1. Tell me the label-point distance for the pair residue 99, residue 181, using the 7 Å Cα-to-Cβ offset, in nm and rounded to one decimal.
2. 5 Å is the cut-off here: which amide hydrogens, built 1.01 Å from N in the peptide plane, fall below it relative to residue 206, excluding neighbours closer than 5 in sequence?
3. How long are the semi-axes of the ellipsoid equivalent to region 143-239, from square roots of 5 times the Cα gyration tensor eigenvalues, in whole Å, largest first?
4. Based on the Cβ-Cβ distance of residue 204 and residue 358, what FRET efficiency does E = 1/(1 + (r/R0)^6) give at R0 = 41 Å, to the nearest 0.05?
5. Using a 10 Å cut-off around each Cβ, can you sort 209, 77, 245 from fewest to most neighbouring Cβ atoms?
6. Please compute, for the alpha-carbon atoms of region 100-204, the extent along each of the three principal axes and give them in descending order in Å.
7. How much net charge surrounds residue 180 when only the other residues with a Cβ under 11 Å from the Cβ of residue 180 are counted, with Lys and Arg +1 and Asp and Glu -1?
8. Suppose R0 equals 60 Å; then what is the FRET efficiency for residue 87 and residue 380 from their Cβ-Cβ distance, rounded to the nearest 0.05?
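Quick note: the coordinates plus some simple rules give every number you see, no bench work behind them. Small disclaimer: the values here were computed from a predicted structure and weren't measured. Neighbour counts are summed over all protein chains in view; Cβ atoms, including those assigned to glycine, are modelled from backbone coordinates with ideal geometry.
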Amino acid sequence: MSRCRVDQSIERREINGFSFPLGVYPVEEMSPREGYAVWFEPADGADTGGAAGGDAPDLDSPEEGGLAADWEEWPDRYVLDIAISATRVESLSRALFAMMPGRISPILDFLGHDAYREIDPYVSYDLIGQERFIDALRRYRAFFFEDGLVGFGALSEEPFIYVFVDEHKLITVRVESALKEKVESLLAAFDLQPVDEISGADAVTHEHRGVLDAPEDRTDLLIAEEIVEELVDEWALVLNVDAYRNVDADGHELGITPWRCIVRWDRSGDTPDETPITRNRGQSDRPSETEGDPEEDDEESWAADPPGDHPEVSVPAPPARRAVGKSWNGPERLYAEVLVTAGSLAAADNLALTRLREMLDDDVAPDGTEVVVVADRLTESDGRSATTDTQWSTPGPVRMPRTSRPPLPRREPRKATQPAFDLKVEQVLRSRWL
């Protein structure tokens, strides 16, 4: 089973008995303050705001995709911002999640590699069984509770409970009025008292870092990007940005930009060639699950290395792929990297998936399922460099699968020349198998 492990060479920072997460630490003097601040927010359908930084997602903002209509209006609620020593974050968050019903909507923020957006905000519009949510927290606890690149949480609408652990490992809770006393009783059990203002690493200049250790020979230990890919499938997450506009974090239109896309092919048996594959961003093929309560956590330490209705992107059906006289003996999963210029996420997805199908046609692979794993925008200079670099180096880690790809049965590939870099045209610039 896949899991993760913390890098044992990283030392924890501690100030006045307050422990900081391994992946987030202050770089100037400060006085951390445990406790919680509480205030009231009135019901407001437009103020449904980003999971990032502990704020509820602002789904009406351009960078959040303008998807407020997909959520019910949030009721009158109390907000509790909580700071607690990093060594106790997991215990408190697990207790808070236990207050939620058996089926919840997960939330995930990841500090990705997009040139115009600091955080990749993922949400699920599907309810998943809480046991699946808790199982992921258990398997990837080093990532969730120590890594400085990720924030996570969950939402339930009945009763209304929102719990989010941000990338600084500060916790934000939003609950309907009837649950305020219950939450405060829980915080009191953790010896947390009301304060005027909490103080964590984000109160001063601070740094974020990844903390995972994944040697090349340990394919069971995942890096951050691999965990995010798995969570998108497991939690039915969608990237909560507008798929049909290309804007920066301030909502400014960018027009056509270079995109670096990682696409995946999974063998899944025959798919009728005449049927277009329509897939929502992050859509999971898993059947819905029945309700379940969180399982009891084992006490083994991760540090010791224990074992809706949202926009759809419809792309043309792939051409028939039949290896005449040959049987497929290749891998069950393939990855490719595709560099494109596009004016929206939907257009970049479409170009990347179409190119993947052309590559599969060259390799006479059987039918399967194609998915865009990630589509990150590049700056113009990085895009130009990527089109001319013989080694094709692009920002961020190359998602190179650590298992070897057996030779594929091939036929003569189509001849193609690399198009010129042009930000006035949406096109595929380069592609390669990983």
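1. So the label points at residue 99 and residue 181 sit 1.4 nm apart.
2. So residue 206 has HN proximity to 27.
3. So the three semi-axes of region 143-239 are 30, 20, 11 Å.
4. Given R0 = 41 Å and the Cβ-Cβ separation, E is 0.20.
5. On the way: 209 14, 77 22, 245 17.
Ascending number of Cβ neighbours within 10 Å: 209, 245, 77.
6. For region 100-204, the Cα extents along the three principal axes come out at 42, 37, 26 Å.
7. Around residue 180, the surrounding residues sum to -1.
8. FRET efficiency, residue 87 to residue 380: 0.85.
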